[in-house]
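Novice: Shown below is the structure under consideration.
The values are calculated or read from the model by the stated rules, or taken from the named source; none is laboratory data. Since the structure is predicted, the reported quantities are computational estimates derived from the model, not experimental observations. In this analysis, Cβ positions are derived from the backbone assuming ideal geometry, glycine residues included, and neighbour counts consider all displayed protein chains. Please note that ligands, DNA and RNA were not included when accessible areas were found on the heavy atoms of the full protein model with its side chains. Shrake-Rupley method; radii C 1.70, N 1.55, O 1.52, S 1.80 Å.
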Amino acid sequence: MRQTLVTYDSTGVTVPEPGTAVSVDAMSTDGTSHGFTMEVTADGTVSYDLNSASVEFDATGSDKADVLTNPAKTAGDLSAESDSVDADASDAGTAAEVADVDAASSPGACSDGTYATKDQKEYGTHNWYIGDGGLPAGLSKNDALWSFYEALDNITECNNNCGYSDQVGAHQANFLDCTSYEADVNNRNQCTSRDGLSTWDAGDLKSETAAITCSWT
């Protein structure tokens, strides 16, 4: 069966079957995100959602990663350059620091309303797998699994430092097993054919890409 590939914004998707939408979301190492959504209605009409593509973040100047060991701290606590704990990491060069500039004009984590959601709903229990290949940073399968569990708990139980009550209706996902199936992604940031399994995998990606997700609804 011949498959059609559509590319946009340095990403791509394989045209899905009628009655289905596919989204590709890629995060680059420079802080930009790329992707789009394609929907094919039951009668075969194709439409695109490009609103979330090419979300740019200011990357002027130089900056190293900031480390917050205290969860009560926010970006505003990183405005001073020093080598102490919970301060902005010491940078090479004399260019203005991105984190310092952004923190001065950005709201704290608990008052920042700049976010986007997708109009998607999950029904039943979400089952997922971990690929059987190598994992980043030399993580063992068990360490990776517990990292995922903790991240999912933070979402489904609405764990936060802002005093918000649990308003998340999602349920905990169900880890099934490690699998030899690959995530439906190739090394050109393109979503390949859907195999029906939700798989977290690690492997070669397009240059300067940190992570990519393909999802079908």
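Novice: Quick one: which residues, 5 or more positions from Trp200 or on another chain, have an amide H under 5 Å from its amide H? H modelled 1.01 Å from N in the peptide plane, none for Pro or chain starts.
Specialist: Tyr129, Ile130, Gly131
Novice: Oh, and also: Quick one: grab the alpha carbon gyration tensor of segment 120-217, order the square roots of its eigenvalues as a ≥ b ≥ c, and give me rounded if a/c is under 1.5, else prolate or oblate depending on whether a/b is larger than b/c.
Specialist: The shape class here is prolate.
Novice: How do Asp43, Asp177, Asp49 rank by accessible surface area computed with a 1.4 Å probe, from largest to smallest?
Specialist: Accessible-area ranking of Asp43, Asp177, Asp49, largest first: Asp43, Asp177, Asp49.
Novice: What order do you get for 180-188, 164-172, 130-138 when each peptide is scored by the mean count of other beta carbon atoms within 10 Å, highest first?
Specialist: Put in order of decreasing packing, that is 180-188, 130-138, 164-172.
Novice: Around Tyr8, which amide H atoms from residues at least 5 apart in sequence, or from another chain, sit under 5 Å from its own amide H, with H modelled in the peptide plane?
Specialist: none
Novice: Please say if segment 174-217 is rounded, prolate or oblate, where rounded means a/c under 1.5 for a ≥ b ≥ c the square roots of the C-alpha gyration tensor eigenvalues, and otherwise the choice is prolate for a/b larger than b/c and oblate otherwise?
Specialist: prolate
Novice: Sort Tyr123, Tyr48 by heavy-atom solvent-accessible area, probe 1.4 angstrom, most to least.
Specialist: Highest to lowest solvent-accessible surface, that is Tyr123, Tyr48.
Novice: Residue by residue through segment 168-177, which ³J(HN,Hα) values in whole Hz follow from phi under the Karplus form 6.51 cos²θ - 1.76 cosθ + 1.60 (θ = phi - 60°), with glycine and proline marked x?
Specialist: 9, x, 5, 9, 4, 6, 10, 6, 9, 4
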